[in-house]
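A.B. asks: Below is the structure I would like to discuss, written out as structure tokens.
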Amino acid sequence: MSTVTGFLTDSTLCIGCKACEVACKEWNDLGADGLNWSGFSYDNTGALGHSTWRHVKFVEHPPELGHGGNSPELASWTFSSDVCKHCENAGCLEACPTGSIVRTEFGTVYVQPDICNGCSYCVVACPFGVIQRNKEDGRAFKCTFCYDRQRAGRTPACAHACPTESIKFGPLDELRAEAGRRIEDLHSKGMHDATLYDPVDTSVGGIHAFFITRGDPRQYNLPPQPEIPTIYAKQGWKSAALGAGMLAVGTFLAFLGGGKR
Amino acid sequence: MPSLGTSFGRGGATTAQQDLANSDAILIMGSSMAENHPVGFQWVMEARKRGATIIHVDPRFTRTSAMADIWVPMRSGSDIVFLGGLIRYVLESGKEFREYVKHYTNAATILREDMKLPDELEGVFSGWDEETSKYSPETWLYQGEPEKSDAVRPGHAQAGGGHGKDRGGEAGDLHKHDSDPTLQHPRCAFNVLRRHFARYTPELVESVCGVPKEQFLKVAEIFSNASGPEKTGAICYAVGWTQHSTGVQIIRAACILQLLLGNIGRPGGGVLALRGHASIQGSTDIPTLYDILPGYSPMPFWESDADTLEQYINRHSSNAGWWSNFDKYIVSLLKAWYGDQAKKENDFGFDWLPRVTGDHSELGYWMDMMDGKMEGLFVMGQNPAVGAANGRLQRKALSKLKWLVVREFVETETASFWYDSPEIERGELKPEDIATEIFFFPAASHVEKEGSFTNTQRLIQLHQKAIDPPADCRSETWFMYHLGRRMKAKAKAGLHPRNAGLNALTWDYPTQGPHAEPVVDAVVCEINGYKTANRELVRDYTELQADGSTACGCWIYSGIHPQPGMNLANSRKPKDYLGHGWGYAWPSDRRILYNRASARPDGKPWSERKKLVWWDENKRAWTGHDVPDFKKDTPPDYRPAQEAKGMEAIAGDMPFIMHPDGVGWLWVSSGLKDGPLPTHYEPLEPVVPNALYPKRPFNPTAEKMERPENPYGFPCDKRFPHVLTTYRLTEHHTAGGMSRTLSHLAELQPEFFCEISPEMAEEFGIVHGGYATIISPRGIIEARALVTPRMRPFAVQGRRVYEVGLPYHWGSRGITTGDSANDLLALNEEPNVRIMETKALACFIRSGRRPRGEAALDELKAKMRESA
């Protein structure tokens, strides 16, 4: 049994160099997203997608004189490298009708491109909007957690390229413990707005790529209460069953009534 | 880096990036280290983790500011006032590291009575000649120092550059002088410093730099507290300091501050010069510069050095200190170059070395090219049509060449100027009129060739070839070797006397493979040096001789290949925090220079926390965590005899062994062309008057190289009221040849943009995401407007000064194209290193795209005049 691995992406250590984004594209041979100057800070690739599996988000707040971004009072310009969360309960995996999406021996969620039929169920099932269909060939793509590199005993390309250890890779348990220590450390330095984003209390049941960020996690594209759509399935089936039952009862009653006439 | 050279003795960063982790405070100024040195920045992050305070002083809030604890915005071009303010703060509050200053700097040295400071002479030091716009530096000498006659003393009058002074000031008998160890004498360097910087008050900082007093004092307090036996602070800078018309003096101010705080030669201290390219340090060590020879030996100059080798050696060697060995290094260099042909009888071929006859610096020769004085040009690893100042002049100058060779892996704007450039678009140049013959040679990339990089911290690292270069692509080594071979073959047949040197040159590297690639190891062996009798490799530069029995390609690198098959640049097993065992740092694998200063005068560490190198009484030797930068067995209590020479003249408590007097120089008595101390001048295109010396708006020794193709605005020209500053982005590489052409990088910053403050945008009606046109006296360009509160206006001398920030990566080729910011810059020369000013110029801005066509341009000009 292989170790379950994870990413700890610590935005307080991220210098916004985008090396992870480029290393990911290079290793996985992903295409370019096109040349679109967004005017949104230094972010011109927008969001995760079928050809962007790591994406550095730039969050700007007006800086104040004397305060650098590491000031406890004000995080003026922060960067956070977004990635597939590799959920404990993965919406995409549960939605996939072909069995293309599987959980690997590293506990990560992997799309097998040769099986994917391009149905897109996974796309709507992801609570984070990570997975996306490539319009050219119709199939869905997202971060593989460098399954190939991990199989060869190597660190994923993004973590390997990160110059400041903002992206840490390792056994999930150890990373969780480290994240806890890091939060304590940040709080002790007065950064009380630093939090660990790891939604264990929702139906997602925790993620394998968690984040340390400052301020409201929503500004980093991290929903406060992510849920997988399948939690609605039980209720859905219940309603369907109830509807079918009522239909049956109605029909039965109708027959009964008809007999009397 | 004459600033570091004159202050400390060597023109290189004094420390290693890894050592930043030991700092208690790091001041980053003139650099966006996180953006341009992201890998090295991990050590700043490590320091931060350990509790250091990171201070970033920069006009813009950059990705470095985002990682800093403190960000203080400062108007571009006012650095000396800010640093001078820090120096004054330290001196006035008695925060200098007194013991260090007393023993390890020239604070006690008494200066001559006829020396005058700029305050007494309305902005110039004594020795100024208004007619020639040059200093004669005699009055800057130490009192009691024997004067050398003009014939022996290397002059300041020649057209030459200052890189020769990287070696630590000029030759002299500086070790003989008057001094006052009590620091009471009114003319001791310490008190002169105090007098000179007395006007650099927090109030002056506020009015000139636009930095509120409280912010300045906060920085001053935090940084000066990182000093003393238990603490150290480091300063990191990059071209944000270098590329000013006062660049060398800005860095000098930082050196003075670090000497006062006792932060040189100690762990966590230092001045870290962050170099702008992968091997820029290497390109001055084994220079591509016109005014120095390998190992910072001066290039001989016409007139002053045209005579004999003996006279040249006398002129440039020193009686005391390390440069007393100069003869060994220069003779060994000549032996390496001319082999058996270099004999004592022919001055070892000294006369075959060309003489510098004028300004052959990069900027100088572009002017020559413009004037049609140059026939041909090789361009390798450079894209001057985009990356150099005044792009329009550069491209037009290229059109006057007979031939041009561009070696690149893509066709850059420099290679395509004749059919695809703004001048062609505007009709100023026509392809059919350009007679330049252009040769485009495909180049191998760094993974396709073997070689080395010498990085920011003097660390030489070998890189292997991963794959063969495709098709006709070849390495630089291959190109230069075979070019030389062919030239030598031609020279052999020619009868010109000028061919004698080329004929004598040894050019016999072994080759390998199908393309006859020169063996890099053989080149490294030559650089390391060998005994000429049997070609046995020397252990290091201490084995070099002046009698022709040794040859050495670059003495400071000697020791890099001490045995056959042992290239230390290829070491890959780091064994300590300073990285010994990984690569090889010159000199002698010392990672922190002047590290004798990490111990007290008596040889014991200043503190347990900051110990690095100390005297081991039992072993009677210097020892510690780094290779001692000192004579290994000279005890701390050694005192030289009156007539001692060379290293014997350096006492056991003198850590700056390259200097004849063995100490760090607060006061630079010789070696700098624009003064012994830094003093504030506005940039060459000032937008405000010089608050200190109204009669001297800008550095009087800088060369503006003014001509019709390189025009300037007036000081405080109302047509160009804003400050313009240029810089780089993490996502692109310099002139873009290696990044604008790659989709994965181009998409990250896909368009040329300018950064301006919301206040500026509002005042000039510029819309975020729209276009802005930016104009300087040299050019007119357009860029998308990125309006951001990370830019802010400055309150300077009662007026509001706006800054426009421009990344300079774009040009007309590649996947992402755009106007070149450098088209706005002027060609000019800082007097010491002859670098142009790119960080603070004047400009005009307006909303919308740039005018196209003659009529539209005239209309715009009229409007500018009107608004002014």
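A.B. asks: Pick from the range A:151-178 the residues that are within 19 Å of the chain's Cα centre (by Cα) and farther than 19 Å from A:C14 by Cβ: which of them is nearest to the other protein chains (Cβ to nearest Cβ)?
C.D. replies: My answer is A:R176.
A.B. asks: Kindly indicate which of B:T730, B:T701 is over 30 Å from B:T105 (Cα atoms), in a loop (DSSP other than H, G, I, E, B) and at pLDDT 95 or above.
C.D. replies: Result: B:T730 is the single residue among B:T730, B:T701 that is over 30 Å from B:T105 (Cα atoms), in a loop (DSSP other than H, G, I, E, B) and at pLDDT 95 or above.
A.B. asks: Given (1) touching a residue at least 60 places away in the same chain (Cβ under 8 Å); (2) out of contact with any Lys or Arg (no Cβ under 8 Å at 6 or more places or on another chain), where does B:P758 come up short, assuming only one miss?
C.D. replies: B:P758 satisfies every listed condition except (1).
Residue-wise test of (1) of a type in the set (F, W, Y); (2) outside the structural domain of A:A140 (by TED's automatic domain parsing); (3) touching a residue at least 40 places away in the same chain (Cβ under 8 Å); (4) farther than 19 Å from A:T155 by Cα.
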residue: A:V22; (1), (2), (3), (4): no, no, yes, no
residue: A:G34; (1), (2), (3), (4): no, no, no, yes
residue: A:T45; (1), (2), (3), (4): no, no, no, yes
residue: A:S51; (1), (2), (3), (4): no, no, yes, yes
residue: A:V59; (1), (2), (3), (4): no, no, yes, yes
residue: A:G68; (1), (2), (3), (4): no, no, no, yes
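A.B. asks: Would you call A:E26 surrounded by fewer than 24 Cβ atoms within 10 Å (Cβ to Cβ), facing chain B (nearest Cβ under 9 Å) and not in a loop (DSSP other than H, G, I, E, B)?
C.D. replies: Here the answer is yes, as A:E26 does meet what is asked.
A.B. asks: Give just the number: which of (1) at the interface with chain B (Cβ under 8 Å from one of its Cβ atoms); (2) surrounded by 20 or more Cβ atoms within 10 Å (Cβ to Cβ); (3) modelled with pLDDT of 95 or more; (4) touching a strand residue (DSSP E or B) at 6+ places or on another chain (Cβ under 8 Å) does A:G39 not satisfy?
C.D. replies: So A:G39 meets the others, but not (2).
A.B. asks: Against the condition basic (K, R), more than 30 Å from B:Q42 (Cβ to Cβ), away from every other protein chain (no Cβ under 14 Å) and out of contact with any His (no Cβ under 8 Å at 6 or more places or on another chain), how does A:R133 come out, does it pass?
C.D. replies: The answer is no for A:R133.
A.B. asks: Looking at the range A:177-190, which of its residues are of a type outside the set (K, R) and surrounded by fewer than 18 Cβ atoms within 10 Å (Cβ to Cβ)?
C.D. replies: The answer is A:A177, A:E178, A:G180, A:I183, A:E184, A:D185, A:H187, A:S188, A:G190.
A.B. asks: Return yes or no: is B:V405 buried (at least 17 other Cβ atoms within 10 Å of the Cβ) and either polar (S, T, N, Q) or in contact with a Ser or Thr (Cβ under 7 Å, 6 or more places away or on another chain) (or both)?
C.D. replies: Spelling it out, it is not the case that B:V405 is buried (at least 17 other Cβ atoms within 10 Å of the Cβ) and either polar (S, T, N, Q) or in contact with a Ser or Thr (Cβ under 7 Å, 6 or more places away or on another chain) (or both).
A.B. asks: So B:W366 fits all but one of (1) modelled with pLDDT under 95; (2) more than 30 Å from the chain's Cα centre (by Cα); (3) not charged (D, E, K, R); what number is the exception?
C.D. replies: Here B:W366 clears every test but (2).
A.B. asks: I'd like to verify a number: residues in the range A:193-235 that are touching a Ser or Thr at 6+ places or on another chain (Cβ under 9 Å) and of a type in the set (G, A, S), how many?
C.D. replies: 4
A.B. asks: Looking at the range B:207-229, which of its residues are more than 11 Å from every other protein chain (Cβ to nearest Cβ), more than 23 Å from B:V101 (Cβ to Cβ) and either free of Cβ contacts under 8 Å to residues at least 40 places away in the same chain or crowded, with 24+ Cβ neighbours inside 10 Å (or both)?
C.D. replies: B:V208, B:C209, B:K213
A.B. asks: Identify, from the list B:A68, B:A108, the residue that is touching a residue at least 24 places away in the same chain (Cβ under 8 Å) and touching a Pro at 6+ places or on another chain (Cβ under 7 Å).
C.D. replies: Result: B:A108 is the single residue among B:A68, B:A108 that is touching a residue at least 24 places away in the same chain (Cβ under 8 Å) and touching a Pro at 6+ places or on another chain (Cβ under 7 Å).
A.B. asks: Same structure again: Could you list all residues from the range A:73-88 that are surrounded by fewer than 24 Cβ atoms within 10 Å (Cβ to Cβ), farther than 16 Å from B:P59 by Cβ and within 9 Å of another protein chain (Cβ to nearest Cβ)?
C.D. replies: Matches in the range A:73-88: A:A75, A:T78.
A.B. asks: Quick check on B:R315: is it among the charged types (D, E, K, R), in a helix (DSSP H, G or I), modelled with pLDDT under 95 and out of contact with any Phe, Trp or Tyr (no Cβ under 6 Å at 6 or more places or on another chain)?
C.D. replies: yes
Residue-wise test of (1) surrounded by fewer than 23 Cβ atoms within 10 Å (Cβ to Cβ); (2) modelled with pLDDT under 95; (3) within 14 Å of chain A (Cβ to nearest Cβ).
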position	(1), (2), (3)
B:V72	no, no, yes
B:K95	yes, no, no
B:H103	yes, no, no
B:A107	no, no, no
B:E120	yes, no, no
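A.B. asks: Still on this model: Going through the range B:44-65 one residue at a time, which ones are part of a helix (DSSP H, G or I), more than 7 Å from chain A (Cβ to nearest Cβ) and buried (at least 24 other Cβ atoms within 10 Å of the Cβ)?
C.D. replies: B:V44
A.B. asks: Among the listed residues B:R199, B:R266, B:R194, identify the single one that is over 26 Å from B:E35 (Cβ atoms), touching a Leu at 6+ places or on another chain (Cβ under 6 Å), away from chain A (no Cβ under 14 Å) and modelled with pLDDT of 95 or more.
C.D. replies: B:R194
A.B. asks: Now for a separate question. Say we look at the range B:738-754 and pick out the residues that are more than 18 Å from A:T52 (Cα to Cα) and over 28 Å from the mean Cα position of the chain (by Cα); which of these is nearest to the other protein chains (Cβ to nearest Cβ)?
C.D. replies: Looking at residues that are more than 18 Å from A:T52 (Cα to Cα) and over 28 Å from the mean Cα position of the chain (by Cα), I get B:E751.
A.B. asks: Additional query: It is to be established whether one or more residues within the range A:222-238 are under 33 Å from the mean Cα position of the chain (by Cα), assigned to a helix (DSSP H, G or I) and at pLDDT 90 or above.
C.D. replies: No, the range A:222-238 contains no residue that is under 33 Å from the mean Cα position of the chain (by Cα), assigned to a helix (DSSP H, G or I) and at pLDDT 90 or above.
A.B. asks: Could I ask something else about it? Looking at (1) without any contact (Cβ under 8 Å) to a residue 12 or more places away in the chain; (2) under 30 Å from B:G814 (Cβ atoms); (3) surrounded by fewer than 17 Cβ atoms within 10 Å (Cβ to Cβ), which is the one condition that is false for A:D148?
C.D. replies: A:D148 satisfies all of (1) without any contact (Cβ under 8 Å) to a residue 12 or more places away in the chain; (2) under 30 Å from B:G814 (Cβ atoms); (3) surrounded by fewer than 17 Cβ atoms within 10 Å (Cβ to Cβ) except (2).
A.B. asks: Name the pairs: first residue in the range B:570-594 and without any contact (Cβ under 8 Å) to a residue 24 or more places away in the chain, second residue among the aromatic types (F, W, Y), Cβ to Cβ under 9 Å, at least 6 apart or on different chains?
C.D. replies: Once the first residue is without any contact (Cβ under 8 Å) to a residue 24 or more places away in the chain and sits in the range B:570-594, its partners that are among the aromatic types (F, W, Y) give B:S571/B:W582; B:S571/B:Y584; B:R572/B:W582; B:K573/B:W582; B:P574/B:W582; B:K575/B:W582.
A.B. asks: Anything in the range B:631-669 that is outside any loop (DSSP other than H, G, I, E, B), over 21 Å from the mean Cα position of the chain (by Cα) and not acidic (D, E)? List them, or say none.
C.D. replies: B:G646, B:M647, B:A649
The values are calculated or read from the model by the stated rules, or taken from the named source; none is laboratory data. Note that the structure is a prediction, hence the values are computed from the model and not measured. Using ideal geometry, Cβ is built from the backbone for each residue, glycine included, and neighbour counts are taken over all protein chains shown.
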